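Trainee: Please read through the structure below; I'll follow up with questions.
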Amino acid sequence: MPLGLAALDELDAAFEELRAVLDSTDVAAIEGATHRIAAAASAVRAIGVWRSDAAVRERLKALQPLIESARIRTNLLADHANQRLTILAAQGAESAPLVYGR
């Protein structure tokens, strides 16, 4: 297997891992998956073969939906967390008066 395809296999596995751990509440697992993606993406970039090898380009095109779904899912979860924090902050300000006055 060419080096570029092996690097893409690792990138594919890293995104599959991220997709699996995004459904959990394990922050360490999510962080580990994102570090694995960063390392795999760096390896693909470092090889640079994707520019000239047709098989690698096709494989990248096949990976695009998985990468896009992970991006959308991450943005959705971040937005959901921000909405929950906003709700908690609004409720906290109304139900718990400030302890220290100015």
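Trainee: Taking the stated definitions as given, is Ser42 surrounded by fewer than 16 Cβ atoms within 10 Å (Cβ to Cβ), more than 11 Å from the chain's Cα centre (by Cα) and assigned to a loop (DSSP other than H, G, I, E, B)?
Mentor: Working: surrounded by fewer than 16 Cβ atoms within 10 Å (Cβ to Cβ): yes; more than 11 Å from the chain's Cα centre (by Cα): yes; assigned to a loop (DSSP other than H, G, I, E, B): no.
Taking the combined requirement at face value, the residue does not satisfy it.
Trainee: Okay, next question. What are the pairs, 6+ residues apart or on separate chains, where a residue within region 66-80 that is of a type in the set (D, E, K, R) has its Cβ under 6 Å from a residue that is at pLDDT below 90?
Mentor: Pairs found: Arg73/Leu22.
Trainee: Which of the residues belonging to region 14-38 are of a type outside the set (D, E, K, R) and touching a residue at least 24 places away in the same chain (Cβ under 8 Å)?
Mentor: Scanning region 14-38 gives Ala14, Phe15, Leu18, Leu22, Ile37.
Trainee: Now a separate question. Restrict the check to region 21-39 and report whether at least one residue is surrounded by 11 or more Cβ atoms within 10 Å (Cβ to Cβ) and at pLDDT below 90.
Mentor: Looking through region 21-39, at least one residue is surrounded by 11 or more Cβ atoms within 10 Å (Cβ to Cβ) and at pLDDT below 90.
Trainee: Just to check your reading of the model, which residue among Ser95, Ser69, Ser52 is of a type in the set (S, T, N, Q) and either at pLDDT 85 or above or surrounded by 15 or more Cβ atoms within 10 Å (Cβ to Cβ) (or both)?
Mentor: Just a single option satisfies the conditions, and that option is Ser69.
Trainee: So in region 1-34, with the set limited to residues that are β-branched (Val, Ile, Thr) and in a helix (DSSP H, G or I), which one is farthest from Glu68 (Cα to Cα)?
Mentor: Val27
The values are calculated or read from the model by the stated rules, or taken from the named source; none is laboratory data. These numbers were taken from a predicted model, which means no experiment stands behind them. Neighbour counts are summed over all protein chains in view; Cβ atoms, including those assigned to glycine, are modelled from backbone coordinates with ideal geometry.
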